[in-house]
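Below: the structure, in structure tokens.
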Amino acid sequence: MTANDNQKILKTGNLKKTGAPYEIITLTASDIPQILTLQNEVFDSLTAEEQNFLLRKEKAFFESHFAHGNMVLGIVSNGQLVAQSVILHPSSAHPKSGMTDMVLDAKPEEVTVLQGVIVHPDFRGNKLMTYMVDEWLAVANAEGRQHALAEVTTGNFFSWSVFLKEGLGIHSLGCDKSDGTDLYNMYAEVAPLMEKRLKGDFNNAAAVVKVPVCDIDSQKTLTNAGFLGVAFEAANQNIVFEAPKKAAKPPQGPKI
């Protein structure tokens, strides 16, 4: 992959597993062929069940995405595009957030959405999703977009566990009406999260409830009551839900 003048380098480093150099860059419309190639390579590497986690996007989607001023982050190592994620920034002219079943009381210009996070199978285990979430939040904060959203199927443990580690919470559970898939709606208010990240303190002590990963009904009951999923305990396969800080109404969420 050859860099062009419109790409912006956001971060450089070395891969955890091999030490090879990498760059996190902003991709452009001219990179759509490489974006589609990586998407197809990742999709083909997944099991039939895992393929349900990845909604493949067509060329027309990316053409429209870039034309409306949105972003795609890419990670390049030795000239190869090895990871990417789609950043959607809604506007009054184009207010749809792409979230299937999420209600949030916020203006489109205040929202940022991360979609389509994928990593080439040969480069997994290098924390590349974590790096992309970091850069997404930094971009959102710099642009004044204070409501960060992402949608993950409940079966996609790797993705939602990374979001939890990065400080986003399980705001609510939704359902994809087209196939009945249960979804986690991940959410964070950006500025307070960035402050907590600087302090290394994502979750202060609070009343918590622990629910097995497989108990979707109990998770829905808690989120409907205003609880926020904040952590995952791998040893016992529990999600930790934190009680609402105010014993008032459960948080409403954007109307997007």
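The values are calculated or read from the model by the stated rules, or taken from the named source; none is laboratory data. The structure displayed is predicted, hence computed values, not measured ones. Methodologically, a virtual Cβ is constructed for each residue, glycine included, from the backbone with ideal geometry; neighbour enumeration extends over all protein chains shown. Surface areas here come from the heavy atoms of the whole protein model, side chains and all, with no ligands, DNA or RNA. Shrake-Rupley method; radii C 1.70, N 1.55, O 1.52, S 1.80 Å.
Odds and ends about this structure:
- Label-point separation, Asn6 to Ser218 (7 Å along Cα→Cβ), nm: 5.1 nm
- Extended-chain gain in nm, criterion 0.36 nm per residue less alpha-carbon gap, Ser92 and Lys127: 9.2 nm
- Only Lys, Arg, Asp and Glu carry charge here, each on its Cβ (+1 for the first two, -1 for the last two); on that basis the chain has a dipole of about 580 debye about its Cα centre.
- Along its principal axes, the chain has C-alpha extents of 54, 43, 41 angstrom, given from the largest down.
- Cross-link partners of Lys17 among aspartates and glutamates, defined as those whose alpha carbon lies under 12 angstrom from its own and excluding same-chain residues fewer than eight positions apart: Asp122.
- Residue order by solvent-accessible surface for Met186, Met99 is Met99, Met186, largest first, with ligands and nucleic acids left out and a 1.4 Å probe.
- Whole-number accessible area per residue in Å² for the chain, which is evaluated in the context of all protein chains at 1.4 Å: 50 Å²
- Angle of helix 32-45 to the longest C-alpha principal axis of the chain, folded into 0 to 90 degrees and rounded to 10: 60°.
- Cα gyration tensor, region 1-75 - rounded (a/c under 1.5), prolate or oblate: oblate
- Given a 1.4 Å probe and the protein chains as shown, Lys127 ends up with an accessible area of around 100 Å².
- Share of carbon and sulfur in the accessible heavy-atom surface of the chain [1.4 Å probe, %]: 51 percent
- Under 14 Å from a label point set 7 Å out along the Cα-to-Cβ vector of Glu63, the amide N atoms of region 16-43 belong to 29-33.
- 16 Å Cα-Cα reach of Lys165 towards aspartates and glutamates, excluding residues that sit fewer than 8 places from it in its own chain: Asp134, Glu135, Glu151, Glu189, Glu195, Asp201, Glu233, Glu242
- Over the chain, DSSP H runs of length four or greater, each weighted -39,500 (n - 2.57), average out per residue to a 222 nm ellipticity of -8000 deg cm²/dmol.
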